[in-house]
Structure formats: structure tokens, C-alpha cells
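S.K.: Dropping the structure in here first, questions after.
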Amino acid sequence: MKKIIGLAAAGALLLALAGCADGGGGGTEASGPKDIGDLVVGFAQVGAESGWRTANTKDIQDTFKDEGIELKFSDAQQKQENQIKAIRSYIQQQVDYIAFSPVVETGWDAVLQEAKDAGIPVVLTDRAVDSEDTSLYETFLGSDFVKEGQKAGLWVLDEYKDATKPVNIIQLEGTTGSAPAIDRAEGFADTIRQNANLKVVASQTGDFTRAGGKQVTEALLKSNPDVDLIYAHNDDMGLGAIEAVEAAGLVPGKDIKIVTIDAVHDGMQALADGKINFIVECSPLLGAQLVDVIKTLNDGGTVEKRIITDETTFTQEQAVEALPDRKY
Ligand code: GYE
């Protein structure tokens, strides 16, 4: 009997060791957590397309520095192929974790499978992928973009609740195929549907950039002379739209109302100045939550598959009040 128990114990030990061998990546039960100072994380950023992105990059770099965790950083200049290349190079370098903000939702399964096969855990920050196999990543950490679109829509519903004629809306979309562009359009459309007077007369991508927002607005104002409101999927495109509205001899915030998402410093300033009417906040400060996730995984713990960032909304009065303490 003793012999059988002894054999079983030896078997269990072997199994535990085998588990250790293919665990890779973060700390495994048998080897214990790595020292924080020994961890290497590869971060594949989307680009530097907006004020939000710049603040996001800075926050992540600063947080990792403060925590003493080595961060390998790459900027994909809004191109999926560059991001895939960066992720492959992190796999090759056998980093402990890979974090990335997917520029678009589709087309990640192959490279994520490669990371999984190499035993490197992946954390999605800020944007989602549409992979059906959710075992390809540990968690998706970021905002609820549908809710952001709904919040923008609710403000518009309220603002025009007494409208007796059609309200013509232009939508400036984010990067085509990206999670925030898809979800912010959906949340907004579903909400304004409640009032048949609210009509999106034109909708085009400005790729989340100021130049894109300006150019698209210029063109759309020419083909749609009676625009009442611009809904921009981020502040930067809204700021570009302000320039186009002014160039057309109209007053932004009055002749044409503007609603945006992000609440970065320049957006909040334009809101406080009355050129934007309402902003839905989307926090770029994801560094601390990302480090928490990595520490938990390194300690052998598990994390929620979806971690949602808290955020609020700002009216013009609230922007005046919040601006002095705004960190980004
Ligand atoms: O709103 C926009 C940026 O993915 C949430 O990307 C992010 C978006 C943000 O370019 O400004």
C-alpha cells in the first residue's frame, strides 16, 4: 500500500514538473514568481495618432519605469503589419509578457497562437480583438466603448428633446475596423434612434487624427450645408473639425455643436472655451492596471477576462472646473 502511495506521489511530482516546463512566460507554481526586476514586457503600441495615445504611451512607460519593470516598446504607426512584426520579435526575444493595443479587431489569431505556443501570456490593453478563442489572451483591459457612444448619444437626445425639425448630424469615425470606432458608432446609433428627428447625414473616418478630422469635416460641410452637430469618435478629430467649421465662417459650439470622446487636455480646453459642447471621458491611464495584471499573473494568480476602466463625462462648466487638475 505504502508503495502505491509513494508511486502516486512521485507521479504527481512529475506532473507538476511537466506543468512547469510548458508554463513559460510568467511565474509558474513550481518555479515561483520571478523578481519584478527580472521581468521583461514587450508592448506593441498602435502609434502616436492622438493626444490620447501620447498620454497612454507616457503613462505606460512612466509606470513601468517607476515599478522597475523592463519595457520593450514599439510604435506601429497605425499599421497592423508593423504590430504583428513587433509581437513576433517579442516572441523571438522570449519576453515574459506581451501587451498590445490592437489597431483593428480582426486578423490576430495566428500571431496570438504563436505567443501561446511559446508560453508567453498576452494582455490586450485599450482595444479588443474579435478572436473567438479567448484563451489566446489573458485579459482585455480598457474602456467600454459602446457605453461611451451611448453617453454621447444620451447628451444629444437630451439637447434636442424639443426639436420639431430634423437635426443633421455628421459623424467622424475612428480608424476603420478598430474596436473604438465600431463600438462608439454602435452605442451612439442605438441611442439616438429613440428620436426620429436625429439623423446621421454623413459618416466618414478621420482615422483618429486632427488632420483627418479637419479634412473630412471640410469635405462634408461642402456636401451637407445644414449640419447641426458633429459627433467625433475622439477629441483630436473634434479639434480638427473646429478648424474646418471656423474656416467655413461658422462658430463651433454654437452654429454647429460638437460632441467628442476622450477628454484629453486640448479637448477639455476647447470644451471650456465653448467650442466643444460635451465630452465623454476615455481614460488613457492604463499603466497601473497593466502592471497589476502582470504582477498577479507573475504571482501565479488569475485575472478577470475583462477589466473595464472607470470614466465620466464633462459639460462645459465641468471642464472649466476639472482643467487645472487634469493630468493629460
Ligand atoms: O479614443 C483615440 C485613440 O483606442 C481608446 O484611440 C483608444 C482611442 C482613443 O487614437 O483618441
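The values are calculated or read from the model by the stated rules, or taken from the named source; none is laboratory data. Quick caveat: nothing in here was measured; it's all calculated off a predicted structure. Cβ: placed from backbone, ideal geometry, glycine included. Neighbour counts: every protein chain shown. Calculation scope for accessible area: heavy atoms of the full protein, side chains included, ligands and nucleic acids excluded. Shrake-Rupley method; radii C 1.70, N 1.55, O 1.52, S 1.80 Å.
S.K.: Which of the residues that make up segment 74-88 are in a loop (DSSP other than H, G, I, E, B) and open to solvent by 10 Å² or more (accessible area, probe 1.4 Å)?
M.R.: Hits for segment 74-88 are Gln77, Gln78, Lys79.
S.K.: Any idea which residue in segment 44-61 is farthest from the ligand (Cβ to nearest atom), counting only those that are in contact with a Ser or Thr (Cβ under 7 Å, 6 or more places away or on another chain) and of a type outside the set (Gly, Ala, Ser)?
M.R.: The extreme case among them is Gln45.
S.K.: Being in contact with a Ser or Thr (Cβ under 6 Å, 6 or more places away or on another chain), modelled with pLDDT of 95 or more and buried (at least 22 other Cβ atoms within 10 Å of the Cβ), is that true of even one residue in segment 172-192?
M.R.: yes
S.K.: Of the conditions (1) within 16 Å of the ligand (Cβ to nearest atom); (2) surrounded by 15 or more Cβ atoms within 10 Å (Cβ to Cβ), Glu67 fails just one. Which one is it?
M.R.: (1)
S.K.: If you check Ala319, Ala263, which single one turns out to be out of contact with any strand residue (DSSP E or B) (no Cβ under 6 Å at 6 or more places or on another chain) and either aliphatic (A, V, I, L, M) or exposed (fewer than 14 other Cβ atoms within 10 Å of the Cβ) (or both)?
M.R.: Ala319
S.K.: Could you identify the single residue in Gln113, Gln150, Gln94 that is at pLDDT 95 or above, part of a helix (DSSP H, G or I), over 26 Å from Leu172 (Cβ atoms) and open to solvent by 60 Å² or more (accessible area, probe 1.4 Å)?
M.R.: The match here is Gln113.
For (1) open to solvent by less than 30 Å² (accessible area, probe 1.4 Å); (2) touching a Ser or Thr at 6+ places or on another chain (Cβ under 7 Å); (3) under 20 Å from Gly153 (Cβ atoms); (4) touching a residue at least 24 places away in the same chain (Cβ under 8 Å), each residue gets a yes or a no:
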residue	(1), (2), (3), (4)
Pro225	no, no, no, no
Gly267	yes, yes, yes, yes
Gly274	yes, no, no, yes
Glu311	no, yes, yes, yes
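S.K.: Look through Asp162, Asp207 and report the one residue that is within 11 Å of the ligand (Cβ to nearest atom), outside any strand (DSSP E or B) and not assigned by TED's automatic domain parsing to the domain that holds Ser101.
M.R.: Result: Asp207 is the single residue among Asp162, Asp207 that is within 11 Å of the ligand (Cβ to nearest atom), outside any strand (DSSP E or B) and not assigned by TED's automatic domain parsing to the domain that holds Ser101.
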